[in-house]
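The next block holds one structure in the form of structure tokens; read it before the comments.
The values are calculated or read from the model by the stated rules, or taken from the named source; none is laboratory data. If you're wondering where the values come from, they're calculated on a predicted model, not measured in any experiment. Quick reminder, even Gly has a Cβ in these numbers, built from the backbone with ideal geometry, and neighbours come from all protein chains shown. Side chains are part of the model used for accessible areas, which takes the heavy atoms of the whole protein and leaves out ligands, DNA and RNA. Shrake-Rupley method; radii C 1.70, N 1.55, O 1.52, S 1.80 Å.
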Amino acid sequence: MEKLEAALAKAREMRKSTLGTPRVDREPVSPKVMAAGDWLSLPEFKLTPARLQRNRITAILGGKDATPYDMLRSRTIRLMREKEWSRLAVTSPGPACGKTTVALNLALSLSRQKDLRVMLFDLDLRRPALHKVAGLTPKHSFHEVLDGRIAFEDQAVRIGENLILAMNATACRNPSELLQASGTGEVLDEIERRWQPDVMLFDMSPMLASDDNVGFLGNVDCALLIVAAERTTLPNIDVCEKELAQLTNVLGIVLNKCRYADKLVGYSYDSYS
Ligand SMILES: Nc1ncnc2c1ncn2[C@@H]1O[C@H](COP(=O)(O)OP(=O)(O)OP(=O)(O)O)[C@@H](O)[C@H]1O
Ligand SMILES: [Mg+2]
């Protein structure tokens, strides 16, 4: 634990100097002059709290079980507002560090703030899992929206009034190519222009498993690196932190599955301000 904490502190120092680099090659998509797409026109899906609880999704109702995610939300939104950022990727060095769990909890925590409009996209196109955790397999997959076969409004589902989930029913055959295609950036720009979310979260695949993230991360403003305590190795944290910092702004490292931190979800957060 001490070694891990020292590594996180070192990474924080290193990143302080780089945080703030603007998102590459993207015009701001924010002029909120056009009428936003009508969020209430999207089909609503009602999450089942008991099922979510089994999948460690604790941020839906607030209260003490949501506290760690609410803290992560507050720090994330403060930093993103400061920098006028709207797009955040959630990734990790290896598999099963808790990306999908953290991403959905963070989205739910953000959406309990009623003035925020939040979208969560499943971009782990090799092993999509957001639908399993949320408890709904969509008829169409978001990768079909990215390659232009399906309209976003025919794919996305709404949770409450201000959270949209874009999930996948199936894996994609060419994830790496699709994620780095210029058309993918254009589809996301169009979604942002039309639906005007305040925050777009992207649940990504593990960094060390493929090059999927490399081609995509130029489309986001910043990223969280989720690491699993006692499982993710220090060299892997180091390599991924450096690579991530070359591709986007590293907002922070989330130390997940930590037995010695918060007893409720075993999680702590290391951020930069
Ligand atoms: N804080 C935690 N404490 C204990 N278990 C956790 C914690 N966070 C997530 N898990 C569990 O770890 C497993 C993997 O979580 P999750 O699917 O969110 O990881 P992932 O990084 O998205 O995995 P993948 O790389 O396969 O996409 C799940 O069974 C999840 O419930
Ligand atoms: Mg996942």
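Brief remarks follow.
- Among the criteria (1) within 26 Å of PRO206 (Cβ to Cβ); (2) open to solvent by 60 Å² or more (accessible area, probe 1.4 Å); (3) touching a helix residue (DSSP H, G or I) at 6+ places or on another chain (Cβ under 9 Å); (4) away from ligand 2 (no atom under 16 Å from the Cβ), the one LEU61 does not fulfil is (1).
- Residue check for LEU208: at negative phi, open to solvent by 30 Å² or more (accessible area, probe 1.4 Å), modelled with pLDDT of 95 or more and not in a helix (DSSP H, G or I): yes
- Qualifying residue in the range 85-105 (condition: away from ligand 1 (no atom under 16 Å from the Cβ), of a type outside the set (S, T, N, Q) and either modelled with pLDDT of 95 or more or open to solvent by 10 Å² or more (accessible area, probe 1.4 Å) (or both)): yes
- Residues of the range 160-189 satisfying the condition of being open to solvent by less than 10 Å² (accessible area, probe 1.4 Å) and of a type in the set (Val, Ile, Thr): ILE164, THR184
- Scan of the range 108-150 for residues that are open to solvent by 10 Å² or more (accessible area, probe 1.4 Å) and more than 29 Å from GLY94 (Cβ to Cβ), ordered by number: ARG112, GLN113, LYS114, ASP115, ARG117, LYS139, HIS140, GLY148, ARG149, ILE150
- Segments classed as helices (runs of 4 or more DSSP H), wholly inside the range 80-179, with at least 3 members that are more than 16 Å from ligand 2 (Cβ to nearest atom): 99-111, 142-146
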